Amino acid sequence: MAGRLEGKIALITGAGNGIGAGIARRFAEEGARVGVLDVLEERVNETVEALIALGAEALGLVCDVREHVQVEWAVKTLSETFAPINVVVNNAAVMPSGMLHETEPDEWEHVFAVNVRGAYLVNRAVIPQMIMQGNGSIIHIASVSGMLGLPGLAAYSTTKGALIALTRAMSTDYAPNGIRVNSVSPGTIDSPMLHEFLGAQADPDSLRAEFDAMHPIGRIGSIDEVANVVLFLASDESSFVTGANYTVDGGLSVKGDQPQD
Ligand SMILES: NC(=O)c1ccc[n+]([C@@H]2O[C@H](COP(=O)([O-])OP(=O)(O)OC[C@H]3O[C@@H](n4cnc5c(N)ncnc54)[C@H](O)[C@@H]3O)[C@@H](O)[C@H]2O)c1
């Protein structure tokens, strides 16, 4: 049976680790040829080796998404090596914590440069190829923090809200070209980013239990649970879906107020 992404060329940013590496694996399992883009060379190589071990075709692209020239190079290299790009997943991100008054101007600019400018540069480089082909699927990995007032994540949450707005703007602009643009907003996901965040806290175990309890389903999500939704949006199964923001959050974003003790 043909894979759900057979014949597609997919570029995934931040694919060296965590959710991005999980998406790369699911895409490869479904027949896509995958461009593994990340700023960390060692991580790029690890992901590419894992995909090749699955029997997939994959190309490593060591690139900083903040850098215009590097992004242009990565998009050109992937499309010349395989074929024009059909699917882009803008997943690369950094997540500094802190309230607004605790966030230094350089840190504010850094998180915007990776999370928002990075997606802008990648999309800008790929869209001419998608227009030429008359099809494409772009997925922004946002976050429920871009929809809710989660505490202590001011800069990060603002970038994720920006990606949800960008999804809507682009979906309208490019629908006539056959390009669909959607976002996926995970709740808390069991991932290296989460482990790093928890590791920096005073009591990681009780915070982890709080995260589990915060999601109505009673636990945090897995990388595969995010990757499966991204796979659907990348595939032609979602051919009438554009401008959507899919939450993958165990019900967190629709939870009403909790009864008081
Ligand atoms: N883990 C969670 O609980 C969670 C929840 C909601 C949303 N998300 C989102 O999911 C996505 C993946 O998160 P993750 O948990 O796998 O994080 P992660 O830190 O494990 O992975 C992010 C990847 O992005 C790469 N990256 C960072 N800066 C880069 C740059 N300038 N250029 C290229 N690559 C760069 C990193 O090297 C890393 O491999 C992010 O967009 C994140 O905001 C994660």
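The values are calculated or read from the model by the stated rules, or taken from the named source; none is laboratory data. Being a predicted model, the structure only gives us computed values, none of them experimental. Don't worry about glycine lacking a Cβ; one is built from the backbone with ideal geometry, like all the others, and counts go over all protein chains shown.
The figures follow:
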| read-out | value |
| --- | --- |
| Residue check, Leu59 surrounded by fewer than 24 Cβ atoms within 10 Å (Cβ to Cβ), touching a strand residue (DSSP E or B) at 6+ places or on another chain (Cβ under 6 Å) and either among the aliphatic types (A, V, I, L, M) or farther than 22 Å from Pro192 by Cα (or both) | yes |
| Candidate set: the stretch 122-144, residues that are surrounded by 23 or more Cβ atoms within 10 Å (Cβ to Cβ) and within 16 Å of the ligand (Cβ to nearest atom); chosen: the one nearest to Ile19 (Cα to Cα) | Ile141 |
| Filtered residues of the stretch 5-21 (kept if under 19 Å from the mean Cα position of the chain (by Cα), assigned to a loop (DSSP other than H, G, I, E, B) and more than 6 Å from the ligand (Cβ to nearest atom)) | Leu5, Lys8, Ala15 |
| Set Glu104, Glu109: member being surrounded by fewer than 23 Cβ atoms within 10 Å (Cβ to Cβ) and away from the ligand (no atom under 16 Å from the Cβ) | Glu104 |
| Those residues of the stretch 224-244 which are in contact (Cβ under 8 Å) with a residue 40 or more places away in the chain and within 13 Å of Gly187 (Cβ to Cβ), in sequence order | Val226, Val229 |
| Conditions (1) assigned to a helix (DSSP H, G or I); (2) surrounded by fewer than 16 Cβ atoms within 10 Å (Cβ to Cβ); (3) modelled with pLDDT under 95: number failed by Ser206 | (3) |
| Unique match (being under 23 Å from Asn228 (Cβ atoms) and of a type in the set (Gly, Ala, Ser)) among Ser206, Ser185, Ser157 | Ser185 |
| Verdict on Ala213 being over 22 Å from Gly20 (Cα atoms) and out of contact with any Lys or Arg (no Cβ under 6 Å at 6 or more places or on another chain) | yes |
| Every pair of residues 6+ apart whose Cβ atoms lie under 8 Å, when the first sits in the stretch 186-197 and is within 9 Å of Ile220 (Cβ to Cβ) while the second is of a type in the set (S, T, N, Q) | Gly187/Thr247; Gly187/Ser253; Ile189/Ser222; Asp190/Ser222; Leu194/Thr188 |
| Test: residue in the stretch 66-76 that is in contact (Cβ under 8 Å) with a residue 60 or more places away in the chain and under 19 Å from Ala162 (Cβ atoms) | no |
| Residue tally, condition polar (S, T, N, Q) and surrounded by fewer than 24 Cβ atoms within 10 Å (Cβ to Cβ), over the stretch 11-34 | 1 |
| Scan of the stretch 60-85 for residues that are closer than 28 Å to Ser171 by Cβ and touching a helix residue (DSSP H, G or I) at 6+ places or on another chain (Cβ under 7 Å), ordered by number | Leu61, Cys63, Asp64, Val65, Arg66, His68, Val71, Glu72, Val75, Ser79, Pro84, Ile85 |
| Residue that is nearest to Val89 (Cα to Cα), among those in the stretch 30-51 that are of a type outside the set (A, V, I, L, M) and part of a helix (DSSP H, G or I) | Thr47 |
| The listed residue being within 19 Å of the chain's Cα centre (by Cα) and among the acidic types (Asp, Glu), out of Glu67, Glu109 | Glu67 |
| Hits in the stretch 159-186 - residues which are touching a helix residue (DSSP H, G or I) at 6+ places or on another chain (Cβ under 9 Å) and either among the β-branched types (Val, Ile, Thr) or outside any helix (DSSP H, G or I) (or both) | Thr159, Ile164, Gly178, Ile179, Arg180, Val181, Asn182, Ser183, Val184, Ser185, Pro186 |
| Answer residue from the stretch 145-190, given it is more than 12 Å from the ligand (Cβ to nearest atom) and among the polar types (S, T, N, Q) and is nearest to the chain's Cα centre (by Cα) among those | Asn182 |
